[in-house]
1. Here are the criteria: (1) closer than 15 Å to residue 31 by Cβ; (2) touching a Pro at 6+ places or on another chain (Cβ under 9 Å). Tell me which single one residue 71 does not satisfy.
2. Of the residues in segment 67-93, how many are exposed (fewer than 15 other Cβ atoms within 10 Å of the Cβ) and either of a type outside the set (Ser, Thr, Tyr) or within 13 Å of the chain's Cα centre (by Cα) (or both)?
3. Answer yes if at least one residue in segment 77-100 is of a type in the set (S, T, N, Q) and either farther than 20 Å from residue 66 by Cβ or modelled with pLDDT under 95 (or both), and no otherwise.
4. Could you tell me whether segment 70-81 includes any residue that is touching an Asp or Glu at 6+ places or on another chain (Cβ under 9 Å) and touching a residue at least 24 places away in the same chain (Cβ under 8 Å)?
5. Would a scan of segment 114-127 turn up a residue that is under 16 Å from residue 4 (Cβ atoms), loosely packed, with under 15 Cβ neighbours inside 10 Å and in contact (Cβ under 8 Å) with a residue 24 or more places away in the chain?
6. Consider residue 56 carefully, then state whether it is at pLDDT 95 or above, of a type outside the set (Asp, Glu) and within 23 Å of residue 125 (Cβ to Cβ).
7. Could you tell me whether segment 94-109 includes any residue that is touching a Cys at 6+ places or on another chain (Cβ under 9 Å) and either in contact (Cβ under 8 Å) with a residue 12 or more places away in the chain or surrounded by 15 or more Cβ atoms within 10 Å (Cβ to Cβ) (or both)?
8. For segment 15-41, enumerate the residues that are more than 18 Å from residue 95 (Cβ to Cβ) and crowded, with 18+ Cβ neighbours inside 10 Å.
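The values are calculated or read from the model by the stated rules, or taken from the named source; none is laboratory data. This structure is a prediction, so every number in the text was calculated from the model and none was measured. Glycine gets a Cβ as well: all are built from the backbone with ideal geometry, and neighbour counts include every protein chain shown.
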Amino acid sequence: MRAVAQRVSSASVMVDGATVGAIDEPGLLVLVGVTHTDTPAEAAKLAAKLWGLRILHGEKSCSDVSAPLLVISQFTLYGDARKGRRPTWQAAAPGPVAEPLVDAVVSELRALGAQVQTGIFGADMKVSLVNDGPITLIVEV
């Protein structure tokens, strides 16, 4: 699994003009990509990593300060643009494989005590954020 974690002051996601998920305080916006070989164990490991990732102010984690997370599925994280000008998506898991694993990351975060907002899997989403720092990390498990 691959995630892009951004420290944000606020973030939101809209689908069809309606806000479906938002955090209005400092926390993390997390884009999550799934590949074919990912498992529920990796989803749990990614959730624990994100919950404990010390990139908030004062080297704190979401778990330290009960900061919220906005988690959005992002199959394009497994896009490959090394050849030519058109990326391929072969490494991205198809929806029936990816959706339960993204849901597992969210469930695991909530089980750890996190406040989690989400987008809608497979929807055309409009994501807005105020990147704080800016701090953006790629996290792989």
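1. Exception for residue 71: condition (2).
2. 11
3. Yes.
4. The answer is yes, given that some residue of segment 70-81 is touching an Asp or Glu at 6+ places or on another chain (Cβ under 9 Å) and touching a residue at least 24 places away in the same chain (Cβ under 8 Å).
5. no
6. Answer is no for this residue.
7. yes
8. Within segment 15-41, 21, 23, 26, 27, 28, 29, 30 qualify.
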